[in-house]
Amino acid sequence: MKVPDLQLVIDVLDEDAGLADVEDTRGRTYQLPAEWLPGAADGAGYRVSTHAGAVTFTPDPDAARALRERSKQTLLDFSDEHDSGEQDDSPAGGRA
């Protein structure tokens with residue numbers, strides 16, 4: 001079974017610990033050893049692919065943009081859900 005490629009972006013790079021806090025296109029956050037990520041730096045993006053049981057992290061300049069767009073869409077979706085609820089038409093939000 002072929003696993004679809006993911007993108008991830010380094011949120012914070014802790015050079016002292018050698019760890020990168022990353023977020024992937026599914027919204028998951030976790031830590032990876034920075035040495036696994038070529039050219040690791042805050043905001044760097046990568047395409048993650050698997051083949052024959054191996055995982056490869058390839059620099060991907062579009063990853064950061066794609067994750068920002070996904071985050072914006074998530075916020076818009078949340079806002080739309082919130083706005084579609086009942087509106088309180090009374091003055092001062094129901095307070096007299």
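Read-outs throughout are calculated quantities, based only on the coordinates presented, and are distinct from any laboratory measurement. A quick note: this is a predicted structure, and the numbers were derived from the prediction, not measured. A quick note on method: Cβ atoms are made from the backbone with ideal geometry, for glycine too, and the neighbour counts reach across all protein chains shown.
Among the trypsin sites (Lys or Arg not before Pro) in the range 1-51, those located in a DSSP loop and surrounded by at most 12 other Cβ atoms within 10 Å of their own Cβ are Lys2, Arg26, Arg28.
Placing R0 at 30 angstrom, the Cβ-Cβ distance between Val12 and Arg65 gives a FRET efficiency of 0.95 after rounding to 0.05.
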